[in-house]
Amino acid sequence: MRLQNRQKYIHSLLRESAIGYGFMAPTLLVLAVFVVLPILYAVFLAFQKVQLLGGIEYEFVGLRNFARLMADDRVWIALRNTAEYVAIVVPSQTVLALILATTLNAGVRGQTGWRILYFLPTITSSAVLTLIFMWIYNTNGLLNQFLAFIRLPTYNWIGDPAVALKGIMIMNIWSTAPFFMVIYLAALQEIPQSIYEAAKIDGANAWQQFWYVTLPLLKPVTFFVVAMGIIGTFQLFDQSYIFSNGSGGPNNATLTIVLLIYQYVFRDLQMGYAAAIAFLLAAIIITITLLQQWLFGKQTMN
Amino acid sequence: MDVIKTRLIGDAAPDVFFLDALEAPFLMENNVLEPLNSYITPDFDLADIEETLLRPFTLQNQIFGIPKDYSTLALFYNKQAFVDAGLDHPPVTWDELLVDAKQLTLDRNQNGRIDRYGLGMIPELARQAYLIRSFGGQVVDKQGYATFASDAGLVGLESLVTQYRDDRTSARPIDVGANSGIEMFGQGKAAMAIEGNWAIPFFQDTFPNLEYGTAEVPRMNNQPGTMVYTVAYVMNRQSQHKSEAWELMAYLTGKTGMEQWTRSGLALPTRKSVAETLQYDHDPLRSALVAGVSYAMPWQVGNYPAAVMNQFNNQFISVMLGEQSLQPAMLRAQEQANQQIKAAE
């Protein structure tokens with residue numbers, strides 16, 4: 001009797017999960033075809049030398065692609081550029097997003113108007129933004145006119161390797177901060193008013209309220225914003241592609257990892273090597289995200 | 001080009017497309033183009049086409065492309081600027097150019113920002129490769145490996161760098177906020193520029209009042225030199241419609257077709273007979289360009305042009321900006337390019 005019941009139970013469990021998988025099948029199929037398969041194929045490619053033109057041929061080369069990666073100066077230049085870019089852009093855009101969100105949340109007059117104005121850069125296509133900024137950055141452009149007007153030094157923003165990447169940074173901070181601002185804004189409105197009231201009764205001033213109430217409560221959102229920011233900035237491609245016409249110049253100043261991958265695939269037709277670089281990038285992003293999760297997690301426990 | 005390569009790999013390339021001489025060696029080597037020898041009839045009159053322009057599309061006696069048009073580089077000079085500076089003829093040698101450039105460089109309001117430079121220049125291998133040859137250097141060897149950093153190759157480039165860095169009588173378009181060399185020249189920010197046939201229709205449209213003349217590129221080391229850029233029609237080896245494809249190519253590059261396409265002056269004809277009919281060798285602006293064909297260096301740098309070009313351009317800009325001196329920078333560029341080529345082969 002008991003055995004029968006048990007069998008019945010297992011049977012119904014199996015049926016239940018079968019139905020579950022049945023419902024998920026379309027999504028699983030899409031994921032398998034468009035996410036899992038390409039990843040597996042990329043793993044395969046990273047160990048091959050691929051002849052593409054005039055009949056596709058694969059040749060197993062073991063770790064040679066990775067060995068070449070270690071010796072390739074351009075990979076390290078691209079990595080350094082990308083790291084510098086991430087190190088400056090992510091903190092700035094996070095802080096800026098937080099500032100924008102708090103000021104909006106504090107109830108400035110015409111809040112909706114400001115919100116729209118702030119959000120406009122984010123919904124504009126990044127290709128268009130880059131083209132507009134290239135005009136602003138022109139040696140005779142708006143930015144230099146302004147700098148000259150307030151008696152600051154002017155730069156050749158597009159042509160000078162020392163500042164070209166900075167130009168892209170400014171542009172990107174300006175255009176992505178509002179997106180994260182909206183996320184912060186939603187989170188700020190989630191914080192119950194009663195906590196602020198309690199803080200006020202305890203005699204906390206506005207600054208203390210922000211520092212000891214708002215910031216800690218925003219921590220999960222900050223984690224999300226920083227993680228997304230890092231992933232997004234590590235994948236910088238379109239701005240530097242348009243900026244340098246695909247070359248990563250001047251003098252490799254705007255060469256980023258993804259641009260380098262693009263060059264190896266579409267210019268040099270070296271799929272295998274490009275896949276190896278892509279793995280390097282994936283490994284870096286995963287490591288940093290895990291590290292960051294561990295850091296944030298540790299603080300929350302305290 | 002990125003698109004054509006991708007489509008060739010995906011068997012989705014068009015039957016006929018046009019191909020830059022620069023990209024030709026790689027595609028010829030990889031057997032994706034149809035050899036045209038068997039299609040060419042005596043009627044087509046292959047001998048009428050300039051030999052210099054056909055050679056970039058030939059590999060082991062097989063012809064893979066029929067050049068449709070070309071442009072060389074010539075010296076464009078602003079007539080008014082020359083009159084103002086008291087110069088009555090364009091420079092014939094590079095030394096004269098350097099002297100003239102000093103006289104042509106102007107800072108009208110003495111604010112330290114130069115309003116007009118003597119020479120507008122583009123620090124790219126595609127534009128300067130002929131200078132490497134003028135003292136006997138080579139950009140690449142027969143196997144396509146970079147060799148531009150030889151002592152002989154650097155002499156010509158050095159004079160370009162010195163002029164930019166020490167004389168300050170030349171500038172890049174980007175230094176003056178222009179998008180191209182022709183725009184810089186058209187706006188009067190450079191009194192001379194070394195440009196091609198594309199400049200003539202551009203000036204007609206954009207700067208109709210500009211008074212300029214052309215002359216052959218000044219001789220360096222008493223050697224005439226210039227670049228020639230050419231584009232050919234080629235046939236996809238996978239094409240399902242080869243005879244129709246050839247019919248189209250034969251018309252476009254034949255005598256009637258070519259006359260039709262080059263009459264407007266947007267491009268120079270590769271057929272001697274068409275050039276004669278259209279009288280471009282007597283055209284006051286185009287004769288200098290036409291004259292260059294006989295001694296020009298075709299813009300082609302082996303099977304891996306991207307590696308050679310990118311490394312050169314990257315390091316050369318850094319030399320121009322004074323970050324490093326020419327020889328070590330070029331040696332590094334050459335070594336890196338060759339490393340990249342070796343890895344690709």
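The values are calculated or read from the model by the stated rules, or taken from the named source; none is laboratory data. No experiment lies behind these values; they were computed from the predicted model shown. Here Cβ is always computed from backbone atoms with ideal geometry, including for glycine, and neighbour counts include all displayed protein chains. Heads up: the accessible areas ignore ligands, DNA and RNA and are worked out on the full protein's heavy atoms, side chains in. Shrake-Rupley method; radii C 1.70, N 1.55, O 1.52, S 1.80 Å.
Of these, A:Pro192, A:Pro178, A:Pro216, which one is away from chain B (no Cβ under 14 Å) and in contact (Cβ under 8 Å) with a residue 40 or more places away in the chain? Write out each step before concluding.
On the way: A:Pro192 fails: in contact (Cβ under 8 Å) with a residue 40 or more places away in the chain; A:Pro216 fails: in contact (Cβ under 8 Å) with a residue 40 or more places away in the chain.
Residue meeting the stated conditions: A:Pro178.
Give just the number: which of (1) open to solvent by less than 60 Å² (accessible area, probe 1.4 Å); (2) assigned by TED's automatic domain parsing to the domain that holds A:Gln270 does A:Ile116 not satisfy?
It fails just one condition, (1).
Might you check whether a residue that is more than 14 Å from every other protein chain (Cβ to nearest Cβ), surrounded by fewer than 21 Cβ atoms within 10 Å (Cβ to Cβ) and closer than 19 Å to B:Tyr251 by Cα occurs anywhere in segment B:18-37? So that I can check it myself, show each step before the final result.
Going through segment B:18-37, the residues more than 14 Å from every other protein chain (Cβ to nearest Cβ) turn out to be B:18, B:21, B:36-37.
From the residues that got through so far, the ones that are surrounded by fewer than 21 Cβ atoms within 10 Å (Cβ to Cβ) too are B:18, B:37.
After this cut, where a residue has to be closer than 19 Å to B:Tyr251 by Cα as well, the list is B:18, B:37.
Within segment B:18-37, one or more residues are more than 14 Å from every other protein chain (Cβ to nearest Cβ), surrounded by fewer than 21 Cβ atoms within 10 Å (Cβ to Cβ) and closer than 19 Å to B:Tyr251 by Cα.
Which condition number does B:Gly254 fail, the rest of (1) closer than 27 Å to B:Glu29 by Cα; (2) in contact with a strand residue (DSSP E or B) (Cβ under 8 Å, 6 or more places away or on another chain); (3) not aromatic (Phe, Trp, Tyr) being met?
(2)
Can you find even one residue in segment A:81-92 that is within 14 Å of chain B (Cβ to nearest Cβ) and within 22 Å of A:Ile261 (Cα to Cα)? Please lay out each step first, then the result.
If we filter segment A:81-92 for residues that are within 14 Å of chain B (Cβ to nearest Cβ), which is where we start, we get A:81.
From what is left, the residues that are within 22 Å of A:Ile261 (Cα to Cα) are A:81.
Within segment A:81-92, one or more residues are within 14 Å of chain B (Cβ to nearest Cβ) and within 22 Å of A:Ile261 (Cα to Cα).
Of all residues in segment B:38-60 being part of a helix (DSSP H, G or I) and open to solvent by 30 Å² or more (accessible area, probe 1.4 Å), which is nearest to the other protein chains (Cβ to nearest Cβ)? If you could, list the steps in order and put the result at the bottom.
Looking only at segment B:38-60, we keep the residues that are part of a helix (DSSP H, G or I), and these are B:42-44, B:46-48, B:51-57.
Retained after the next criterion (residues that are open to solvent by 30 Å² or more (accessible area, probe 1.4 Å)): B:42-43, B:46-47, B:51, B:55.
Details: B:Pro42: 31, B:Asp43: 31, B:Leu46: 26, B:Ala47: 30, B:Glu51: 28, B:Arg55: 22 Å.
The extreme case among them is B:Arg55.
Give the residues of segment A:235-276 that are away from chain B (no Cβ under 12 Å), in a loop (DSSP other than H, G, I, E, B) and buried (at least 21 other Cβ atoms within 10 Å of the Cβ), sorted by residue number.
A:Leu236, A:Thr256
Any residue in segment B:274-291 that is within 14 Å of B:Pro201 (Cβ to Cβ) sitting within a Cβ distance under 6 Å of a residue that is of a type in the set (Phe, Trp, Tyr) and part of a helix (DSSP H, G or I)? List the pairs, counting only those 6 or more apart or interchain.
none
Give me the residue from segment A:119-151 that is open to solvent by 90 Å² or more (accessible area, probe 1.4 Å), out of contact with any Gly (no Cβ under 8 Å at 6 or more places or on another chain) and of a type outside the set (S, T, N, Q) and, out of that set, farthest from the other protein chains (Cβ to nearest Cβ).
Of segment A:119-151, the ones open to solvent by 90 Å² or more (accessible area, probe 1.4 Å) are A:123, A:131, A:135, A:142, A:145-146, A:149, A:151.
If we keep only those that are out of contact with any Gly (no Cβ under 8 Å at 6 or more places or on another chain) too, we end up with A:123, A:131, A:142, A:145-146, A:149, A:151.
Remaining after also requiring of a type outside the set (S, T, N, Q): A:123, A:131, A:142, A:146, A:149, A:151.
Numbers: A:Ile123: 28, A:Leu131: 12, A:Leu142: 12, A:Phe146: 15, A:Phe149: 15, A:Arg151: 14 Å.
Among those residues, the one meeting the criterion is A:Ile123.
With the condition kept exactly as written, say whether any residue in segment A:281-289 is of a type outside the set (Gly, Ala, Ser), surrounded by fewer than 17 Cβ atoms within 10 Å (Cβ to Cβ), in a helix (DSSP H, G or I) and more than 18 Å from the chain's Cα centre (by Cα).
no
Scan segment A:266-287 and report the pairs whose first residue is under 27 Å from B:Pro305 (Cα atoms) and whose second residue is open to solvent by less than 40 Å² (accessible area, probe 1.4 Å) and of a type in the set (S, T, N, Q), with Cβ atoms within less than 7 Å and a gap of 6+ or a chain change.
A:Gly272/A:Gln48; A:Gly272/A:Asn65; A:Tyr273/A:Asn65; A:Ala276/A:Asn65
Which condition breaks for A:Ala275 when tested against (1) at pLDDT 90 or above; (2) among the small types (Gly, Ala, Ser); (3) more than 27 Å from A:Leu63 (Cα to Cα)?
The single condition A:Ala275 does not satisfy is (3).
Quick test of your reading of the structure: B:Lys342 fulfils all but one of (1) modelled with pLDDT of 90 or more; (2) within 14 Å of chain A (Cβ to nearest Cβ); (3) open to solvent by 30 Å² or more (accessible area, probe 1.4 Å). Name the failing condition by number.
Status for B:Lys342: all satisfied but (1).
Only one of these is in a strand (DSSP E or B) and over 22 Å from the mean Cα position of the chain (by Cα): B:Met235, B:Met249, B:Met192. Name it.
Details: B:Met249 fails: in a strand (DSSP E or B); B:Met192 fails: over 22 Å from the mean Cα position of the chain (by Cα).
Exactly one residue qualifies, and that residue is B:Met235.
Out of all the residues in segment A:161-182, is one or more open to solvent by 30 Å² or more (accessible area, probe 1.4 Å), more than 16 Å from A:Pro91 (Cβ to Cβ), among the charged types (D, E, K, R) and assigned by TED's automatic domain parsing to the domain that holds A:Tyr273?
no
Residues of segment B:170-181 being modelled with pLDDT under 95 and away from chain A (no Cβ under 14 Å), which ones?
None; the set is empty.
Does B:Tyr77 fit the bill of being open to solvent by 30 Å² or more (accessible area, probe 1.4 Å) and farther than 29 Å from B:Arg263 by Cα?
Details: open to solvent by 30 Å² or more (accessible area, probe 1.4 Å): yes; farther than 29 Å from B:Arg263 by Cα: no.
No.
Sort out which residues of segment B:308-323 are β-branched (Val, Ile, Thr) and more than 7 Å from chain A (Cβ to nearest Cβ), and write them in order of number. Lay out the reasoning, then the answer.
Let us first name the residues in segment B:308-323 that are β-branched (Val, Ile, Thr), namely B:308, B:317, B:319.
Hits for segment B:308-323 are B:Val308, B:Val319.
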